[in-house]
Each structure stands twice: as C-alpha cells, then as structure tokens.
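The values are calculated or read from the model by the stated rules, or taken from the named source; none is laboratory data. Only a predicted model underlies this, so the values are computations on that prediction, with no experimental measurement involved. As a convention, Cβ positions derive from the backbone with ideal geometry for all residues, glycine included, and neighbour counts pool all protein chains shown. We work out accessible area using only protein heavy atoms, side chains counted, and drop any ligands, DNA or RNA first. Shrake-Rupley method; radii C 1.70, N 1.55, O 1.52, S 1.80 Å.
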Protein chains: 2
Amino acid sequence: MDKITSVKNDRIKTWKKLSSKKGREKQSAYILESWHLVNEALNANQNVKVILTTKKQFDIHKNELVNYIGELIEINDEIAKHLGSTITPQGIFAVVDIPNKDIINKDNLNGAWLLLDNIQDPGNIGTMVRTADAAGMNGVIFGNGTSNQFNPKVLRAMQGSQFHLKIIEGNLQYWIDILKNKNYPVYGSELNENAVTYSSVAPTDNFALIMGNEGNGMQNELLKITDKNLYIPIKGNAESLNVAIASGILMFHLKK
Amino acid sequence: MDKITSVKNDRIKTWKKLSSKKGREKQSAYILESWHLVNEALNANQNVKVILTTKKQFDIHKNELVNYIGELIEINDEIAKHLGSTITPQGIFAVVDIPNKDIINKDNLNGAWLLLDNIQDPGNIGTMVRTADAAGMNGVIFGNGTSNQFNPKVLRAMQGSQFHLKIIEGNLQYWIDILKNKNYPVYGSELNENAVTYSSVAPTDNFALIMGNEGNGMQNELLKITDKNLYIPIKGNAESLNVAIASGILMFHLKK
C-alpha cells in the first residue's frame, strides 16, 4: 500500500478540490467519507478509483477490503482532517467517478418520484433522499437550483441511500411533463389551507411529489401544472413544518 | 438607548457565557437570537430582561418594540458576531429568564406528549419540538441525557414552538408512571419488525410517544414499561429513518 504523509502532496491537493462543485465537474469525480459510505459505494458497484485510509481504519476494515481491486493509499490523521468535512473525520475516504447521467431510461420510470424544487439546506436534501429510500420511492429528481448531490454535507445526510434509488438532476418542468404523459398523478405541496388535505388522497404505487424551497415554497409555475397541491394541516401554533419532515409525512402516506 | 461598543465590555462577557449550560445555570437566564425568536418570547410574555440590537435591526423593528419596557441596548456588528451562533447573525438578541420549573401541574396533563430519550443532535431536538407543536401535541418532556432546551442550536431549530407548548425536563420513568396512572397509552418506538406497525394504532387525543437516541434507540428499561412499541415499516433499503422524521410520521398519525 502506498503512503502519503503530507497535505501538500499534489494528489491530496487534487482530491481536496472535490469538495467544491467546480472541482468535481473538472475531475468528474467526488469524494465519499466514512466507512459506511465507502462500503455502500463498493456494494453498489460504483467506480471507486482510490480508497484513502488511515492505518487504524485499514486495520479495522482490511478483511472487508480484500476484494477491492482499485488503488489503496495510506494517509495520516492530518490528511484525514484536511480532506474531511467533519471536526473528527473517521479516517477513510473514497474517490468515486460521477456516474454517467444518461443511464436513466425515460421509458422505465415505474414507481414513485420525489422532486426537489430549489431545496437549499444540504441536511434537508440528504434526509429527504434517505427518507425517500425508506418510503420505497423509485427515485429523486434534483431540480435546477437544488444543492448538488455530491456536496459533502448532502452525501453525509443521504447515508448511502443514493445507491438504493435513482437520482436525476435536471429541469423539473421537463420531468413533470414526462411523468404526466405516463398518467402519473403529480402532487405539489404548499402551505395553503385551501389546498387538498394530504390524508384525503389515496395511496398509490406510481406518483410524483414535489417539495419546494425552505423559505419560499414551490415555484408558482410548477404549482400550476400539478394535478393536485397537497397541504398538511397544522394543528398547533407552529408556522410551518421543516421541509424534510413534511416530505416524510407525505411520502409515508402516499406510497402504497 | 444605551450603547455598548466593545466585545470586552463586562456585560457582554457575562452574556457570552449564556451559550454554555454552566453559564445559563449560574445566571438562570438564556440568550435568544433573531427577531423571530425575540418577538415570539415577547408575545409569549416571557421575562425578557434585555434586548440587544444593532442600529439597523432597531430601525426595522422599533414600532414593534414600543410596548417593550425592559432594557434596550445598542450593539454593533462585531458584538453581534461575538454573541451569535451563526456565521451571519441578524443582529438582535434577547436575554431571557429561565422560567420556573414548578409551573407544570401534574393533575393537568391533558393532551399528547412527546418524550425525548437521550436525543443528542440539537437540530433533531429543535425540529421535533417544532413538529410536536404543528401536530397539536400538548408538550415535550426532555429526558435526562437529551441536549438542553436552551442550547442555542436547539433554540434556533425550535423556531419559537417552545412557547406554544409545555416543556418539561426530567426523569422519563417518573413521567411515564404519572401518564400511565392517568390511563394514557404510552408508546415506545423501535427499529424492530416484530414491534407493532404504527398505522395499526388508532389516533387518540391523549397519549405519550417516546423517541430514542439517534444511534442506540430507546433505553431497554423504558421499552419494557410501555403499553406498545411502534415500528415504521421500511420499504426500501435505508437502514433507518432520521429520528425527527420518524417522530413526525408517528405524531401526525397518532394525534387525533
């Protein structure tokens, strides 16, 4: 196993750039952090190019890494801290190729979809993907303006669920048209007592649910092209629900 | 309006200590940040002793502050940054007395209660209180070991919902006994397919729901004394749900 001991090493500098969107686009790769996520990527047959690990983490996981055929590099705690996005990184990372975007077949969209319209907070986004996975959704579509799926904080909150369902990035209007053409009901969500109370909608297998921006809700143009806009009645005095909580309540109700 | 211009001012030093539990206990006070929360505290007749505000925030809110009779102090951006818990603080703070703990009357616990068993993440805790408010719960009981209700990050995530419902800190076993004596059903929650599927339980007005630690779940001793332990079926491949999401799904189902 090769060893890198300085944060000034050229390859470390290159991988450090993967924490920015620009760096990820340039290298067409992203960086995953912690054994749980590295292991999920390996199990999901992602193209893991390099695993960077402290001696300690290698010793813990060496038996699970016997089948890994990519490059394996030992790093020290200082480099782990430099590459990590938490205060105390575990000490194991993977550099992974960003998958080809063209793998989604538009004729094979069976199931339920969660659409993210300008969601900003990485923790919310990651939690929504994890919750979509638990609710049995088919995939999540990241609309333009929503934080990037390879952002380190989004990756951390997804906890590997991105490997269990389909992830699409794109124009929501385009995808809504496709789903409507397949006769899927498309549900918007809004904080509006005149909208349809969610619990009155019967659970189904195939549908699309759109969740909007934390502060401003869904774009008006999208609210207009949905089949129904759903509302979660607020019984107490809270002004609103957190968007990830709202998406959890809706998906667990709507998905048959 | 008095003016403080240095972070080295003795009173600023004293208030800065309110970001720690020790400081809050010593002064029996806590600090609230942002106009939304300051305003919620005023509307809820909390004992707001001092409002600290930049000139800019004062100019925006001076009409809303005409009835405020406590001390009002102008601070600058540097002090706001020093006292704030975010990267770009809004510039308005309140120093508030911690309310007397003995205000809860044990004979008047009507309604539904959320019990927090060793919940650690301040964002989760705050979101759970906000969600409990929206679901129409009567109150939240912070068990020993759960992060403190006056922690700045908990305060931020609660978004003022702490003023809309009852908050108790204490020993969960003690409160479970009291609620059981009133014949309230007490529901635990666990990641166990052999537990009771939550959707099979009929909604009611009065009940207690216990949510457990993010990593380890509820304490075993508590799981044993509940009436039923509830499970949210995971349909996809996620290992678990975030605890705040799970609490949202359960409360919105269980509360009539």
Q: Quick one: A:LEU254 ticks every box in (1) within 14 Å of chain B (Cβ to nearest Cβ); (2) surrounded by fewer than 20 Cβ atoms within 10 Å (Cβ to Cβ) except a single one, so which number is it?
A: (2)
(Q) Being away from every other protein chain (no Cβ under 14 Å) and surrounded by 19 or more Cβ atoms within 10 Å (Cβ to Cβ) is the filter here; which residues of the stretch B:204-218 pass it? (A) B:PHE207, B:ALA208, B:LEU209, B:ILE210, B:GLY212, B:GLY217, B:MET218
Q: Go through (1) surrounded by 14 or more Cβ atoms within 10 Å (Cβ to Cβ); (2) modelled with pLDDT under 95; (3) among the charged types (D, E, K, R) and name the single condition B:GLU74 misses.
A: (2)
Q) How many of the residues in the stretch A:163-174 are surrounded by fewer than 24 Cβ atoms within 10 Å (Cβ to Cβ), away from every other protein chain (no Cβ under 14 Å) and either touching a helix residue (DSSP H, G or I) at 6+ places or on another chain (Cβ under 8 Å) or not small (Gly, Ala, Ser) (or both)? A) 5
Q) Would it be correct to say that A:ASN118 is farther than 14 Å from A:ALA208 by Cα, free of Cβ contacts under 8 Å to residues at least 40 places away in the same chain and not in a helix (DSSP H, G or I)? A) no
Q. What is the one condition in (1) crowded, with 21+ Cβ neighbours inside 10 Å; (2) in contact with a strand residue (DSSP E or B) (Cβ under 6 Å, 6 or more places away or on another chain) that B:ASP97 does not satisfy?
A. (1)
(Q) Within the stretch B:170-177, does at least one residue satisfy the condition of being modelled with pLDDT under 95, within 17 Å of B:ASP117 (Cβ to Cβ) and part of a strand (DSSP E or B)? (A) yes
Q: Could you grab me the full set of residues in the stretch A:113-162 that are at the interface with chain B (Cβ under 10 Å from one of its Cβ atoms), closer than 23 Å to A:PRO185 by Cα and open to solvent by 10 Å² or more (accessible area, probe 1.4 Å)?
A: A:ARG130, A:GLY136, A:MET137, A:ASN138
Q: Could you list, in sequence order, all residues of the stretch B:77-94 that are open to solvent by 10 Å² or more (accessible area, probe 1.4 Å) and of a type outside the set (A, V, I, L, M, F, W, C)?
A: B:ASP77, B:GLU78, B:LYS81, B:HIS82, B:GLY84, B:SER85, B:THR86, B:THR88, B:PRO89, B:GLN90
Q.
Being within 7 Å of chain A (Cβ to nearest Cβ), open to solvent by less than 20 Å² (accessible area, probe 1.4 Å) and either under 17 Å from B:ASP117 (Cα atoms) or acidic (Asp, Glu) (or both) is the filter here; which residues of the stretch B:225-248 pass it?
A. B:ALA244, B:ILE245, B:GLY248
